[in-house]
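Step one of this worksheet: look at the structure below.
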Amino acid sequence: MLTRIDHIGIACFDLDKTVEFYRATYGFEVLHTEVNEEQGVREAMLKINETSDGGASYLQLLEPVREDSTVAKWLAKNGEGVHHIAFGTADVDGDAQAIRDKGVRVLYDQPRIGSMGSRITFLHPKDCGGVLTELVTSADPSSTEH
């Protein structure tokens, strides 16, 4: 069962400049940064609030580190802005299968490792009203390094 909006992914050309905008304008602070080589991005997670399921909601700022990354291609076509929405779930495998059974294309056969050690998969935007949608099972907070 999907339990929260985990994060909104925002693609940007300059991560440092974009982080500073969100810090100066809204007071959001960076909780975590990392480079995800598999996805070809450098990212920052800005925590917005706690959620009733024990998780949190974030803004995920994404800067491509390779021209062949999905985010780089998306930026070239669309410019900076909202890239995807992610819903939190305790069971990314089960929820992905249940959604697949309803006819929605799940982009990964098996979930992959995402931000902060989470397990993730994506749903095809053409099956989700034009919105790239991610499903996220957060890692155990005690095992996450910041």
Farthest towards the positive end of the dipole of the range 2-145, among L15, S138, A96 and with Cβ unit charges of +1 on Lys and Arg and -1 on Asp and Glu, lies the Cα of A96
So, by mean Cβ neighbours within 10 angstrom, what's the order for 105-116, 75-86 with the highest one leading? 105-116, 75-86
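Which value, in Å², gives the accessible area per residue of the chain when a 1.4 Å probe is used on the protein heavy atoms? Write out the running numbers ahead of the final one.
Numbers: 7970 Å² over 146 residues.
For the chain, the solvent-accessible area averages 55 Å² per residue.
Find out how many positive minus negative residues lie around Q60, taking Lys and Arg as positive, Asp and Glu as negative, among other residues whose Cβ is under 13 Å from that of Q60.
On the way: positive: R42, K47; negative: D6, E34, E43, E63, E134.
Net charge in that neighbourhood comes out at -3.
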Report the charge-dipole magnitude of the chain in Debye, nearest 20, computed about the Cα centre from +1 at each Lys and Arg Cβ and -1 at each Asp and Glu Cβ. 460 debye
Just how much of T133 is accessible, in Å², when a 1.4 Å probe is used and the result is rounded to the nearest 10? 10 Å²
Once you place label points 7 Å from the Cα toward the Cβ at N78 and F13, how far apart are they in nm? 1.7 nm
Which value in nm describes the separation of the simple spin-label points at D109 and R23, placed 7 Å from the Cα toward the beta carbon? 4.3 nm
In nm, give the distance between the simple-model label positions of I85 and N49, each being 7 Å from the Cα along the Cα-to-Cβ direction. 1.6 nm
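Which helices count as membrane-span-like in the chain under these terms: full DSSP H, at least 27 Å along the axis by C-alpha, Kyte-Doolittle mean of 0.5 or more? Don't skip to the end; give the middle numbers.
Working: long enough: none.
Flagged H segments: there are none.
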Out of residues 5 or more away from D6 or on other chains, whose amide H comes under 5 Å of its own, with H placed 1.01 Å from N in the peptide plane? A86, F87, G88
With a Förster distance of 25 angstrom and the Cβ-Cβ distance between L2 and T33, calculated FRET efficiency to the nearest 0.05 equals 0.45
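Carbon-plus-sulfur fraction of the accessible area of the chain, 1.4 Å probe, in percent?
Numbers: 4200 of 7970 Å².
Whole-percent figure for carbon plus sulfur exposure: 53.
The values are calculated or read from the model by the stated rules, or taken from the named source; none is laboratory data. Source: prediction; values computed, not measured. Methodologically, a virtual Cβ is constructed for each residue, glycine included, from the backbone with ideal geometry; neighbour enumeration extends over all protein chains shown. Ligands, DNA and RNA are stripped out before the accessible areas are found, and what is left, the full protein with its side chains, is counted by its heavy atoms. Shrake-Rupley method; radii C 1.70, N 1.55, O 1.52, S 1.80 Å.
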